[in-house]
Every structure is written in C-alpha cells, then in structure tokens.
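Structure, as structure tokens:
Please treat every number below as a calculation from the coordinates, not as lab data. Computed from a predicted model, the values in this text were never measured in an experiment. In this analysis, Cβ positions are derived from the backbone assuming ideal geometry, glycine residues included, and neighbour counts consider all displayed protein chains.
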Amino acid sequence: MLFFYPKSEGGGEKLTQSEVETALERYRNEIGSLKHRMDEVERIVDAVHSLAQQMVAQTVEIKHLGQAVGEVKKDVAELKEKPGSRWESLITGLIGAAAGAIGAIFFR
C-alpha cells in the first residue's frame with residue numbers, strides 16, 4: 001500500500017496540524033470521488049454482464065431458429081415436388097389413354 005505524505009509549503013520536514021488536516025481533507029474528497037466512480041463502474045460492469053448473458057441466450061435461440069428454417073425449407077421442397085410428380089402422373093396417364101384410344105381406332 002502506498003502512502004502519500006504532503007510536503008510542507010515551507011520546504012521543511014515538519015508539517016503543521018493545519019497542513020495535515022488540509023491534506024487529509026483533500027484525500028478524503030479524492031477517496032469519496034473515487035468511490036463514486038467505482039460505483040458507476042460497477043453498474044456498467046453489471047449492465048455489460050447482463051448484456052453478455054442476453055447475447056448467449058439469443059445466440060441459442062438463433063441457432064434453433066436456423067435449424068427450424070432448414071426443416072421448413074426441406075418441407076417446402078417436398079411440397080413443391082408433390083404437385084410436379086402428380087402432374088407428371090396425370091400427363092403419363094393421359095398420353096397412355098390417348099395412345100390406347102388411337103391404337104383401338106387403328107386396330108379395329
């Protein structure tokens with residue numbers, strides 16, 4: 001721990017009671033100011049810590065959201081394929097029916 005001793009204004013080694021009291025009062029004021037600053041710093045650190053915890057929670061939520069979006073994309077792709085495959089089955093059936101009808105007309 002460091003101690004700061006005020007120098008007397010006269011340049012001598014001995015300090016008067018008044019000089020000591022003045023120095024102590026300055027130190028008390030400085031300590032009070034530092035305590036106030038530390039209280040502010042503690043509030044800021046608490047706020048930053050809270051924000052960091054919220055960011056962790058949001059990161060987890062975003063990860064789950066990304067997985068859900070991937071599943072939705074997969075489902076949408078499957079749904080897009082179903083009408084296409086139904087359409088192809090319909091066209092194949094119609095072509096087969098038309099070919100059968102044409103064949104029946106020719107081979108009568």
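For the chain, modelled as a Gaussian network with Cα springs under 10 Å, which listed residue fluctuates most, L34, L15, L51? Maximum fluctuation in the GNM of the chain, among the listed residues, is at L15. Inter-label distance, D39 to L79: 5.8 nm, where each label sits 7 Å from its Cα along the C-beta direction.
Values [x] 11.0; [y] 13.6; [z] 8.1 are given for comparison; mean projected area of the Cα convex hull in nm², derived from the coordinates here, is the one labelled [y]. The chain: longest stretch without exposed GluC sites (Glu not before Pro) (DSSP loop, at most 11 other Cβ within 10 Å), sites themselves excluded? My reading of the result: 14-108 is the longest stretch.
Projected label points at W87 and E21, each 7 Å from Cα along the beta carbon direction, are separated by 9.9 nanometres. Spin-label pair A104-E61: with each label point 7 Å from Cα along the Cα-Cβ axis, the two points sit 6.4 nm from one another.
Which of the trypsin sites (Lys or Arg not before Pro) found in region 12-55 are in a DSSP loop and have at most 16 neighbouring Cβ atoms, other than their own, within 10 Å?
Filter output for region 12-55: K14.
The sum of -39500 (n - 2.57) across all DSSP H runs of n ≥ 4, divided by the residue count of the chain, sets its helix-only mean residue ellipticity at 222 nm to -32000 deg cm²/dmol. Rounded to the nearest whole Hz, the Karplus-based 3J(HN,Hα) values (6.51 cos²θ - 1.76 cosθ + 1.60, θ = phi - 60°) of region 66-71 follow the sequence x, 5, 5, 5, x, 5, with x at glycine and proline. Across region 19-25, rounded Karplus estimates of 3J(HN,Hα) from the backbone phi angles (6.51 cos²θ - 1.76 cosθ + 1.60, θ = phi - 60°) give 5, 5, 5, 5, 5, 4, 5 Hz, Gly and Pro being marked x. Exposure here means at most 14 other Cβ atoms within 10 Å; with chymotrypsin sites (Phe, Trp or Tyr not before Pro) in a DSSP loop as sites, the longest stretch of the chain lacking them is 5-106.
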